[in-house]
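**Q** Once you've had a glance at the structure underneath, I'll fire off some questions.
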Amino acid sequence: MKRWVLAGLALVVGVGAVLADGDAIVQRRKLMKANGEATKTVVAMLKGAPFDLSAVQAALKSYGEAAATAPALFPDDSKTGDTNALPAIWDDKADVDARFAKLAADVKAASAGIVDEASFKAQMPALLKNCGGCHELYRAKKS
Amino acid sequence: MAGLATIAALGAAAWLASAPLSLDPAIAEAVAAPGSASAGRIVFFAGGCDSCHMSPGQSDPLRLGGGRELKTPFGSFYPPNISPDPKDGIGAWSAQDFAHALLDGVSPSGEHYYPAFPYTSYRRMSAPDVRDLFAFLRTLPAVAGRAPPHALAFPFTLRRGLGLWKRLFLGPRAFPDAPGRDAAWKLGRYLVEGPGHCAECHSPRNMLGAILAHRRLTGGPLPEGKGKAPDLTAAGLKDWSNADIVEALASGFTPTGDSLGGPMAATVRNTAELPPAYREAIVDYLKSLPAGAWRPGE
C-alpha cells in the first residue's frame, strides 16, 4: 500500500515537472534561439571565419536536438500567444513532422560526413536549406 | 433631362479617361531586335517572375504555368500562365505584346491588368532587359493549362476602372536624375525600384491599393495578411552592415543566424542567382535611403 502511494506521488511529481517546463511556445523559442546562435557561427565560417570543427559539431548537436524535440512542441493548445508560428502548421502537421524528420536525417549524415573544412563547405549549405523551407511556409514574423 | 446629359457626359469622360494607352513607339522598335536569352536569365531572377507565376505544387521555378493563389484585401488573384504554351501561355505573343504588358499593364487584347502584377515597378525596366527577358522566357518549357479567373469583390471586378487607377498612381518610366551617384548606386536603384519590385511588399498602401509614396520601402503588411515585410530604409536596416544584407540576399541568413522566411524565402532563391555585384548594388541603394517611419494603420 505504502509503495503504491509513493509510486503515485512520484507520478504526480513527474507530471508536474513535465508541465512546469512544458510551455510549448517557450520551449520552441528556446530551441530556435539556440539554432540561431549556432547558425551565426556556422555562416561566419562559411564566409571565411577560421574553421573550428568542434563549433560545427556543437551546431549540429543543436540542430539534431531541435529536430528530435520540435515535433512534440506543437500541441493544439499552442497556436496562439507569443509566437510567430502560422496556423498552417496544424493544417498540415504531417508535412511539418516530415520536414523535421528530414532535418534529423540530414543532421545525422552531416555529423558523419563533416570531418574537415572542405567537407564542411561542401555539405553544410545543403543542410542549412532546411531552415528556410519551414520558415517560408510556417512562420510569419510580426515585426 | 440636363441631369441625364450630365451623367452621360461624365460616363463618356470616365470611359475615355480609362482607356488603355498604347505602347511607346520607341519601345516597340527597341524590343523588336532579337534578345539574349542568357542575359534574360539574369533579368528573370532580378524580376522574381517565378515567385508568382511558377506552377504550384512543384519546385521548378522555370515551370511557369501560373495559378498560385495570391490573397489580397481585394480578393484572390491567380497569376496567369506565362510559359511559352501558345494556347494557355504567352507563346503566341509578340515582343511588343510582352513589353506593353510589363511596362504599361495592358494585355494583348487591350485590357488592363490588375496591379497585383507589379507593372507599377516593372515599367522602370529598360527596353533591352524586356527584350532579353522575353527571349529567355521563350526557352522555357511550355506548360498546358490556365489559371482560374481572379476571384475579386465588386467593384474591383471592373477592369476598365483600372485605367483611372493608372492615371492616379502609375508613375513615370524614367528615373529622376541623380547627380553625384555612381554607377553601382544607379544599378541598385534600377534593380530595387524596377525589376526587383521590392517596394511592392515593403511599403504600406492606401485604400485603393496604391503605395504611399512618402512611406515607400518603410515596410508594410504582407499582401497575404501573414506578418510584415520589414522597413528597408536606414531606420529598419540600422543593425545590418552592408555585408549582412549581401549575405542575406545570397544565403537567406540574417545577422542573428535566423533564416529569411515567408515570401522572402522565394525572393532569396532569386537574388541568390544574381551576379554578386548586383547584390552589392542593391545594398548600396538601400543603405542610401533616409530613415522612414511607417506607422501601422496610416
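**Q** Which of the helices (runs of 4 or more DSSP H) contained wholly in region B:1-94 include at least 3 residues that are under 30 Å from residue B:276 (Cβ atoms)?
**A** Here the list reads B:37-47, B:49-53.
**Q** Would you check which residues across region A:97-143 are within 30 Å of residue B:221 (Cα to Cα), within 14 Å of another protein chain (Cβ to nearest Cβ) and assigned to a helix (DSSP H, G or I) and list them?
**A** Passing the criteria: A:99, A:128, A:129, A:130, A:131, A:132, A:133, A:134, A:135, A:136, A:137, A:138.
**Q** I would also like to ask the following. Quick one: which of B:217, B:274 is within 22 Å of residue B:119 (Cα to Cα), out of contact with any Gly (no Cβ under 8 Å at 6 or more places or on another chain) and either open to solvent by less than 20 Å² (accessible area, probe 1.4 Å) or part of a loop (DSSP other than H, G, I, E, B) (or both)? Show your work before the answer.
**A** Numbers: B:217 fails: out of contact with any Gly (no Cβ under 8 Å at 6 or more places or on another chain).
Testing whether each residue is within 22 Å of residue B:119 (Cα to Cα), out of contact with any Gly (no Cβ under 8 Å at 6 or more places or on another chain) and either open to solvent by less than 20 Å² (accessible area, probe 1.4 Å) or part of a loop (DSSP other than H, G, I, E, B) (or both) leaves just B:274.
**Q** With B:76, B:109, B:59, B:38 as the choices, which residue is open to solvent by less than 70 Å² (accessible area, probe 1.4 Å) and either modelled with pLDDT under 95 or outside the structural domain of residue B:195 (by TED's automatic domain parsing) (or both)?
**A** From the options B:76, B:109, B:59, B:38, the qualifying one is B:76.
**Q** Further question: Residue by residue through region B:150-198, note down the ones that are part of a loop (DSSP other than H, G, I, E, B) and within 18 Å of the chain's Cα centre (by Cα).
**A** B:150, B:170, B:171, B:172, B:173, B:174, B:175, B:194, B:195, B:196, B:197
Here's the yes/no breakdown for (1) surrounded by fewer than 20 Cβ atoms within 10 Å (Cβ to Cβ); (2) on the phi > 0 side of the Ramachandran plot; (3) among the hydroxyl-bearing types (Ser, Thr, Tyr):
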site	(1), (2), (3)
B:53	no, no, no
B:94	yes, no, yes
B:98	no, no, no
B:102	no, no, no
B:127	no, no, no
B:130	no, no, no
B:136	no, no, no
B:152	yes, no, no
B:159	yes, no, no
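**Q** Any chance you could count how many residues in region B:247-266 are in contact (Cβ under 8 Å) with a residue 24 or more places away in the chain and within 10 Å of another protein chain (Cβ to nearest Cβ)?
**A** The initial filter retains those residues of region B:247-266 that are in contact (Cβ under 8 Å) with a residue 24 or more places away in the chain, namely B:249-250, B:262-264, B:266.
Next, from what is left, pick out any that are within 10 Å of another protein chain (Cβ to nearest Cβ): B:250, B:262-264, B:266.
The total comes to 5.
**Q** Just to be sure before I move on: is residue B:128 in the same structural domain as residue B:39 (by TED's automatic domain parsing) and modelled with pLDDT of 95 or more in the structure I sent? Step through it out loud before you land on a result.
**A** Numbers: in the same structural domain as residue B:39 (by TED's automatic domain parsing): yes; modelled with pLDDT of 95 or more: yes.
Yes; evaluated as a whole, the condition is true for this residue.
The values are calculated or read from the model by the stated rules, or taken from the named source; none is laboratory data. Predicted, not measured: the structure shown is a model, and the values here were computed from it. Virtual Cβ from ideal backbone geometry, glycine too; neighbours counted across all protein chains shown. For the accessible areas, the whole protein counts, side chains as well, though only heavy atoms, and no ligand, DNA or RNA atoms are used. Shrake-Rupley method; radii C 1.70, N 1.55, O 1.52, S 1.80 Å.
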